[in-house]
Amino acid sequence: MIPKDGASAPLLAIEDLAVSFGTESGRVSVLDGVNLSIFPGQAVGLVGESGSGKSVTAMSVMRLLPSPPSRVDRGRILFRGQDLLALPAGKMRAMRGDRIGMIFQEPMTSLNPTFTVGFQIAEALALHGKARGVAAHERAGALLERVGVGPAARRLRQYPHELSGGLRQRVMMAIALACDPDLLIADEPTTALDVTIQAQILDLIARLRAEFGMSVLLITHDLGVVAEVCDLVAVMYAGRIVEQASAARLFAAPRHPYTLGLMESAPKLGQRVKELPTIPGMVPPPGKRGPGCGFVGRCGRALARCAAEPPPLAPVGGPVGSSASPGHEAACWNPVP
Amino acid sequence: MTALLAVRGLKTHFRARDGAGIVRAVDGVSFTLDAGSTLGIVGESGCGKSTLARSVLRLIEPSSGEITFDGEDVRALSARRLAALRRHMQIVFQDPYASLDPRQSIGAILAEPLEIHRIGDRASRHARVLEVLGLVGLDAEAVGKFPHEFSGGQRQRIGIARAIALSPRLIVADEPVSALDVSIQSQILNLLVSLRERLGLSYLFISHDLAVVEHISDWVLVMYLGRIVESGPVEAIYARPSHPYTQALIAAIPQSGPRRQAAQSVLAGDVPDPEHPPAGCPFHPRCPKAMPRCTSEFPDERAASSPAHRVSCHLY
């Protein structure tokens, strides 16, 4: 994707990543050639519906997919130039939670219910050799204050069940940020939260990104959430990235028919319509995808070529009559004009 | 227009988990729903919207208040008469995975309400099953299949087919599209709107999603901690939100257009514990416009932008 301020090398570069899962009926392709780059300081949104492969992409970066049944069939995941897929397990463990932090949708399942909040943050610091004992406990308190969970003295002694959903997600943030990571991967971090709490967490992610100077990979099904936080957006469908562009550009002029359909089908505040535009049908499950574009069965713009040949992600210009938009790419044989 | 459903001063209280206190899940709610229209109830988790919906159907017994459905006093009905009345009041749930029996075929699931209410014979029930499948946009071959063979959106269509099988007049829809992907959500919303028109249905539509509620509703109630803080015609609520809570809810929705301006529109704090609600207006600890009297005195309902647009707030 577009380098920010001309920065040279991407922090994270996913190159032609293909992942499949073994099932009762044979191997099924889940990711089919995903390319995605994140430059230092950038916030990139990965958007898609259930089954698009967005979480599998995130889990692949962290190497948290169980194998078997999952298998990386091809591709590389370069983090500061180093292929994570080639790292020994011990080195990868050191990377996780240190250089790459992660938060998930449901903080209750990622926090250990039997330990205090303070213990769990201090553990993350100790595990990566940042601080131990009293020093770790003090840093845990400082982290809690930074993510807006105060007063730290009381919160450190509390257990996850004593906190609300929003506070638990803030504690997850404190753990993810404990080692001052270069990259934060946030997988549907606000999906389980109420809308006023979601707004708080999105603001927090934006503020901490600036404070810690880290890059963010935000995975979500919600285009509105992406618009709040991200500089760049990649849209996934059926195991491939079908469009990517700057957030402003994508919302102003989507070129892939799926992106446009997704934007149009959500009801928008203040714009009542009698009938909502819809995308007919549903996402083809893995294993039921044809050789061509994954969206062909639901697409109103499909050509004969679309069913036979997968379109590559390629630069697309602006609308007719406007100047070309650099960095805007779509995988479509017949893009929206 | 005559009211199909009228609710007056409805309260549903529960014993708190510790056994000592009382949770006022629904605490004095009044509204009317006209035949053929949709009343949207919006609020965050714990505001009591689902308890309210279930209390109206007496799936949860209310503690006090009046419920009148089509002229009948619902709270005074015997269990037997209530069962008969439920033919006209059906419910659609959020989770189409949990609300369909995985061991029953779709044909059996859809025929069950007809059997319970002893409607028709085997042949006419089968014909009705095929008819409602068609109404919700599913093929007749679905009859012999089981819930696991369908996607989430299709299962929600089955849930809707089951609800309309008895030709009800009212459908309570409790977060019916919240578990669905955006592209499927719009299909189901369009289906609900078209069924309302074709079958003359009325909806009590519960959702946390303000955009969805705006799309489908004629009238909107905003709930906070068991109370209605604002109500009125949908246009008034969204064009001139009056309660600071409604304003904050609308401001908090992430928009895929231009970015929300400043961080000051973000509401601080959490929804209070319903077992220990704040005194006075329950919203005052989070309210950017709270005044001293808000901490002690619950505001009466008063007119906002029009006589029909009501708000419970000391600012007005």
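Report yes if some residue within the stretch A:21-41 is within 14 Å of chain B (Cβ to nearest Cβ) and either of a type in the set (Lys, Arg) or assigned to a strand (DSSP E or B) (or both); otherwise report no. Let's see the steps before the verdict.
Looking only at the stretch A:21-41, we keep the residues that are within 14 Å of chain B (Cβ to nearest Cβ), and these are none.
Within the stretch A:21-41, none of the residues are within 14 Å of chain B (Cβ to nearest Cβ) and either of a type in the set (Lys, Arg) or assigned to a strand (DSSP E or B) (or both).
It is to be established whether one or more residues within the stretch B:262-270 are more than 24 Å from A:Ala227 (Cβ to Cβ), acidic (Asp, Glu) and modelled with pLDDT of 90 or more.
Just the residues of the stretch B:262-270 that are more than 24 Å from A:Ala227 (Cβ to Cβ), to begin with: B:269-270.
From what's left, acidic (Asp, Glu): B:270.
Retained after the next criterion (residues that are modelled with pLDDT of 90 or more): none.
No, the stretch B:262-270 contains no residue that is more than 24 Å from A:Ala227 (Cβ to Cβ), acidic (Asp, Glu) and modelled with pLDDT of 90 or more.
If I filter the stretch A:69-78 for residues that are over 24 Å from A:Cys230 (Cβ atoms) and among the polar types (S, T, N, Q), do I get at least one hit?
Among the residues of the stretch A:69-78, at least one is over 24 Å from A:Cys230 (Cβ atoms) and among the polar types (S, T, N, Q), which makes the answer yes.
Would you list the strands (runs of 3 or more DSSP E) that sit entirely within the stretch A:215-263 and hold 1 or more residues that are closer than 15 Å to B:Gln255 by Cβ?
In the stretch A:215-263, A:215-220, A:232-237 are the strands (runs of 3 or more DSSP E) which contain 1 or more residues that are closer than 15 Å to B:Gln255 by Cβ.
Scan the stretch B:245-255 and give yes if some residue there is more than 11 Å from chain A (Cβ to nearest Cβ) and more than 22 Å from the chain's Cα centre (by Cα), otherwise no.
So far as the stretch B:245-255 goes, no, none of its residues is more than 11 Å from chain A (Cβ to nearest Cβ) and more than 22 Å from the chain's Cα centre (by Cα).
Going through the stretch A:42-54 one residue at a time, which ones are within 14 Å of chain B (Cβ to nearest Cβ) and either surrounded by fewer than 20 Cβ atoms within 10 Å (Cβ to Cβ) or in contact with a Ser or Thr (Cβ under 9 Å, 6 or more places away or on another chain) (or both)?
If the condition is that a residue be within 14 Å of chain B (Cβ to nearest Cβ) and either surrounded by fewer than 20 Cβ atoms within 10 Å (Cβ to Cβ) or in contact with a Ser or Thr (Cβ under 9 Å, 6 or more places away or on another chain) (or both), then A:Ala43, A:Gly45, A:Val47, A:Gly48, A:Glu49, A:Ser50, A:Lys54 are the ones that fit.
Tell me the residue from B:Val222, B:Val213 that is touching a residue at least 40 places away in the same chain (Cβ under 8 Å) and either within 11 Å of chain A (Cβ to nearest Cβ) or surrounded by fewer than 24 Cβ atoms within 10 Å (Cβ to Cβ) (or both), please. Quick ask: steps written out before the conclusion?
On the way: B:Val222 fails: either within 11 Å of chain A (Cβ to nearest Cβ) or surrounded by fewer than 24 Cβ atoms within 10 Å (Cβ to Cβ) (or both).
Step by step, each of B:Val222, B:Val213 is checked, and only B:Val213 is touching a residue at least 40 places away in the same chain (Cβ under 8 Å) and either within 11 Å of chain A (Cβ to nearest Cβ) or surrounded by fewer than 24 Cβ atoms within 10 Å (Cβ to Cβ) (or both).
Between A:Gly41, A:Gly75, which is in contact with a helix residue (DSSP H, G or I) (Cβ under 9 Å, 6 or more places away or on another chain), farther than 18 Å from A:Ile185 by Cα and of a type in the set (Gly, Ala, Ser)? Can you show your working first?
Values: A:Gly41 fails: farther than 18 Å from A:Ile185 by Cα.
On inspection, the qualifying residue turns out to be A:Gly75.
Yes/no per residue for (1) at pLDDT 95 or above; (2) buried (at least 20 other Cβ atoms within 10 Å of the Cβ); (3) not β-branched (Val, Ile, Thr):
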| position | (1), (2), (3) |
| --- | --- |
| A:Val242 | yes, yes, no |
| A:Ala245 | no, yes, yes |
| A:Ala253 | no, no, yes |
| A:Ser265 | no, yes, yes |
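Would you mind stating whether B:Ala236 is under 21 Å from A:Asp222 (Cβ atoms) and outside any loop (DSSP other than H, G, I, E, B)? Before the answer, list the steps.
On the way: under 21 Å from A:Asp222 (Cβ atoms): no; outside any loop (DSSP other than H, G, I, E, B): yes.
Answer is no for this residue.
Determine, yes or no, whether A:Ala122 is hydrophobic (A, V, I, L, M, F, W, C), in contact with a His (Cβ under 7 Å, 6 or more places away or on another chain) and either under 24 Å from A:Ser20 (Cα atoms) or in a helix (DSSP H, G or I) (or both). Full working, then the answer.
Details: hydrophobic (A, V, I, L, M, F, W, C): yes; in contact with a His (Cβ under 7 Å, 6 or more places away or on another chain): yes; either under 24 Å from A:Ser20 (Cα atoms) or in a helix (DSSP H, G or I) (or both): yes.
Against the criterion (hydrophobic (A, V, I, L, M, F, W, C), in contact with a His (Cβ under 7 Å, 6 or more places away or on another chain) and either under 24 Å from A:Ser20 (Cα atoms) or in a helix (DSSP H, G or I) (or both)), A:Ala122 qualifies.
Counting just the residues of the stretch B:36-58 that are under 21 Å from B:Glu235 (Cα atoms) and among the polar types (S, T, N, Q), which one comes out nearest to the chain's Cα centre (by Cα)?
B:Thr38
I'd like the full set of residues that are at the interface with chain B (Cβ under 10 Å from one of its Cβ atoms) and touching a residue at least 60 places away in the same chain (Cβ under 8 Å), limited to the stretch A:238-253. First the steps, then the outcome.
First, the residues of the stretch A:238-253 that are at the interface with chain B (Cβ under 10 Å from one of its Cβ atoms): A:247-248, A:250-252.
Across the stretch A:238-253, the qualifying residues are A:Ala247, A:Leu250.
Across the stretch A:101-119, which residue is farthest from A:Leu163 (Cα to Cα) among those that are β-branched (Val, Ile, Thr) and outside any loop (DSSP other than H, G, I, E, B)? First the steps, then the outcome.
Quick first cut of the stretch A:101-119, residues β-branched (Val, Ile, Thr) only: A:103, A:109, A:114, A:116-117.
Then drop every residue that is not outside any loop (DSSP other than H, G, I, E, B), which leaves A:103, A:109, A:117.
Values: A:Ile103: 17, A:Thr109: 13, A:Val117: 10 Å.
The extreme case among them is A:Ile103.
Okay, residues lined up against (1) among the β-branched types (Val, Ile, Thr); (2) surrounded by 19 or more Cβ atoms within 10 Å (Cβ to Cβ); (3) away from chain A (no Cβ under 12 Å):
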position: B:Pro102; (1), (2), (3): no, no, yes
position: B:Ala111; (1), (2), (3): no, yes, yes
position: B:Ile116; (1), (2), (3): yes, no, yes
position: B:Gly137; (1), (2), (3): no, no, no
position: B:Ala142; (1), (2), (3): no, yes, yes
position: B:Gly153; (1), (2), (3): no, yes, no
position: B:Ala165; (1), (2), (3): no, yes, yes
position: B:Leu180; (1), (2), (3): no, yes, no
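What number of residues in the stretch A:137-169 are within 18 Å of A:Gly101 (Cα to Cα), at pLDDT 90 or above and surrounded by fewer than 20 Cβ atoms within 10 Å (Cβ to Cβ)?
2
Only residues in the stretch B:183-200 that are at the interface with another protein chain (Cβ under 7 Å from one of its Cβ atoms) and closer than 26 Å to A:Val47 by Cα count as the first member; pair them with residues that are in a helix (DSSP H, G or I) and among the polar types (S, T, N, Q), Cβ under 6 angstrom, at least 6 apart or cross-chain, and list the lot.
Here the result reads B:Ser183/A:Ser265; B:Ser186/A:Ser265, each pair linking the stretch B:183-200 to a residue that is in a helix (DSSP H, G or I) and among the polar types (S, T, N, Q).
Which residue pairs have Cβ atoms closer than 6 Å, lie 6 or more positions apart in sequence or on different chains, and pair a first residue in the stretch A:256-279 that is touching a residue at least 24 places away in the same chain (Cβ under 8 Å) with a second residue that is of a type in the set (D, E, K, R) and part of a strand (DSSP E or B)?
If the second residue must be of a type in the set (D, E, K, R) and part of a strand (DSSP E or B), the pairs left are A:His256/A:Glu243; A:Thr259/A:Glu243.
The values are calculated or read from the model by the stated rules, or taken from the named source; none is laboratory data. Just so it is clear, the structure is predicted and the values come from calculations on it, not from any experiment. Backbone-built Cβ (ideal geometry, glycine too); neighbour counts: all protein chains shown.
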